[in-house]
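Student: Have a look at the structure that comes next, please.
The values are calculated or read from the model by the stated rules, or taken from the named source; none is laboratory data. Here the structure is a predicted model, which means the values were calculated and not measured. Accessible surface areas use protein heavy atoms only, side chains included; no ligands, DNA or RNA. Shrake-Rupley method; radii C 1.70, N 1.55, O 1.52, S 1.80 Å.
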Amino acid sequence: MHKHNLDNLKPFKSKWQNTPTKLIRVPETFENEILAYAYQLDLGINPNESLVTVKLKEIVNKIDNQESGYKIKYANNLIKDIKQLINEVNYE
């Protein structure tokens, strides 16, 4: 193939944030689950965290930042317990 024929090709933009990528073989049965897991990892999401854990982290963050409606007065022990639970779930 002549070099001038390649000049008209558009550069390929990977849909992955983390590159380079590698071709691997996986059982077809698990293809969708493995790709979904890999996409989450690529986006910086921990696929092992449940939605409940993610939402609890968001709430704790709002409390830590003392956002409107999330200022604590008598719930110090509750907040401490929630933070401890989140840390325990992350290490399982």
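Student: How about Lys22: which aspartates and glutamates have a C-alpha closer than 20 Å to its C-alpha, ignoring those fewer than 8 places off in the same chain?
Tutor: Those aspartates and glutamates meeting the cut-off are Glu31, Glu33, Asp42.
Student: Only one of the listed values, (i) -0.80, -1.20, -1.43; (ii) -0.86, -1.07, -1.21; (iii) -0.99, -1.15, -1.24, was derived from the coordinates as log10 I(q)/I(0) by the Debye sum over Cα atoms at q = 0.19, 0.23, 0.25 Å⁻¹; which label is it?
Tutor: (iii)
Student: Relative contact order (percent) for the chain, with alpha-carbon contacts under 8 angstrom and 6 or more residues of separation?
Tutor: Averaging sequence separation for qualifying contacts and normalising by length gives 23 percent for the chain.
Student: Something else: Once the piece of chain linking Ile24 and Glu67 is laid out straight, how much longer is it, given 0.36 nm per residue of separation minus the C-alpha distance between them?
Tutor: This chain segment gains 10.9 nm when fully extended.
Student: If each DSSP helix of 4+ residues adds -39,500 (n - 2.57) and the sum is divided by the residues in the chain, what number results at 222 nm, nearest 500 deg cm²/dmol?
Tutor: Roughly -15000 deg cm²/dmol at 222 nm, from the helical runs in the chain.
Student: With a 1.4 Å probe and every protein chain left in place, tell me how much accessible area Ser50 has, in Å² to the nearest 10.
Tutor: Answer for Ser50: close to 50 Å² accessible.
Student: With all protein chains present, how much of the accessible area of the chain (probe radius 1.4 Å) comes from carbon and sulfur, to the nearest whole percent?
Tutor: Exposed carbon and sulfur together represent 54 percent of the surface.
Student: How much accessible area per residue does the chain have, in Å², with a 1.4 Å probe?
Tutor: 95 Å²
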